[in-house]
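The values are calculated or read from the model by the stated rules, or taken from the named source; none is laboratory data. Being a predicted model, the structure only gives us computed values, none of them experimental. So basically every Cβ, Gly included, is an ideal-geometry build from the backbone, and we count neighbours across all protein chains shown. Quick note on the areas: whole protein, heavy atoms, side chains included, nothing else; ligands and nucleic acids left out. Shrake-Rupley method; radii C 1.70, N 1.55, O 1.52, S 1.80 Å.
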Amino acid sequence: SSHMFGCANIKKEEYCILNKRYSKEEFEKLRERIIADMNERPYVDKGGRVYRYGEFMPPDLSLCAYNESYAMDFFPLTEKEARAQGLEWKALPVPLQTPTLRGDAIPASILDTPDSITKEILECIECKRPFLIVPAELALLRRFGFPVPRRCFNCRYRERMSRLNPPCLWSRACTKCGRAIETSYAPDCPEIVYCESCYNDEII
């Protein structure tokens, strides 16, 4: 498709506005009128931020809250910081279950773990929220000889995400030749960083 304005799921069409087909002349006139109107009467959110034509969608129109999105994994914010930027925040529901087994009472070895643990409501040692171990999960842990986790799914997920480099680039110097490079490893990281040519010399 070509010459689309505010359209979705249109195939092999042209000169459409909001999925409706127009002649080339009508399309150009109406498009200019809409853009002018969006700039003259822009959307203003609750915080007074102005959104004119060509800008990103206002975050307060998002279908999900910031702390429910993947953005939270890579650019974590507190509730106060998120709300200050006009982002929605959803309070986590209070769990209805009461833990029946504290996290520090979970056996350290899978060999010492009884089948009855699937009937317990476990307490996360980090956030104190309740979580369950289902029979299929217990069978998988036994297969690989892994102990039953003492953290809930969310805390385990956050711990795994903390191992990733953040999606940022830092200016550093190649450890070998001193050339200026950009890398995802922060200056305080212990990893050795090379420029592309030094890396190839070292590896190839």
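Annotations
- Accessible area, probe 1.4 Å, largest first, for residues Leu92, Leu87: Leu92, Leu87
- Sparse packing (at most 12 other Cβ atoms within 10 Å of the Cβ) combined with a DSSP loop state is found for the following GluC sites (Glu not before Pro) in segment 107-204: Glu191.
- In this structure Met161 has an accessible area near 40 Å², from a 1.4 Å probe over the protein heavy atoms.
- Taking the chain as a Gaussian network of alpha-carbon nodes connected by springs under 10 Å, the highest mean-square fluctuation of the residues Asp188, Asp45, Asp73 belongs to Asp188.
- Label-to-label distance for Trp170 and Ile35 is 4.3 nm, based on points extended 7 Å past Cα in the beta-carbon direction.
- Amide proton proximity set for Cys127, modelled H, under 5 Å, gap of 5+: Cys152
- Across segment 12-21, rounded Karplus estimates of 3J(HN,Hα) from the backbone phi angles (6.51 cos²θ - 1.76 cosθ + 1.60, θ = phi - 60°) give 6, 10, 8, 6, 10, 10, 6, 6, 10, 7 Hz, Gly and Pro being marked x.
- In this rough spin-label picture, where each label sits 7 Å from Cα along the Cβ direction, the Tyr43-Lys11 distance is 2.9 nm.
- Neighbour-limited loop hits for chymotrypsin sites (Phe, Trp or Tyr not before Pro), segment 32-125 (at most 16 other Cβ within 10 Å; DSSP other than H, G, I, E, B): Tyr53, Phe56, Tyr70, Trp89
- Note, ³J(HN,Hα) from phi for segment 57-71, Karplus 6.51, -1.76, 1.60, rounded to Hz, x at Gly and Pro: 4, x, x, 6, 9, 5, 6, 10, 6, 4, 6, 9, 9, 5, 4
- When you filter the GluC sites (Glu not before Pro) in segment 18-74 for DSSP loop state and at most 14 other Cβ atoms inside 10 Å of their Cβ, you are left with Glu55.
- Over the chain, accessible surface divided per residue gives 74 Å², non-protein components excluded, 1.4 Å probe.
- Cut-off 12 Å between beta-carbons: net charge of the residues surrounding Ser171, Lys and Arg +1, Asp and Glu -1: +1
- Estimated [θ] at 222 nm from DSSP helical runs (n ≥ 4, -39500 (n - 2.57)) normalised by residues in the chain, nearest 500: -7500 deg cm²/dmol
- Between segment 64-105 and segment 123-189, the alpha-carbon center distance in angstrom: 18
- Accessible-area composition of segment 1-140, carbon plus sulfur, in percent [1.4 Å probe]: 57
- Lys pairs under 27 Å by Cα in the chain, provided they are eight or more residues apart or on distinct chains: 13
- Here semi-axes √(5λ) of the Cα gyration tensor in Å was calculated from the structure, and among [x] 66, 16, 13; [y] 36, 18, 13; [z] 47, 31, 19 it sits at label [z].
- Derived scalar couplings ³J(HN,Hα) [segment 45-54; Karplus, 6.51 cos²θ - 1.76 cosθ + 1.60; whole Hz; x for Gly, Pro]: 7, 4, x, x, 6, 9, 10, 9, 4, x
- Using the average count of surrounding beta-carbon atoms within 10 Å as a protection proxy, the listed peptides 102-111, 145-154 rank, highest first, as 145-154, 102-111.
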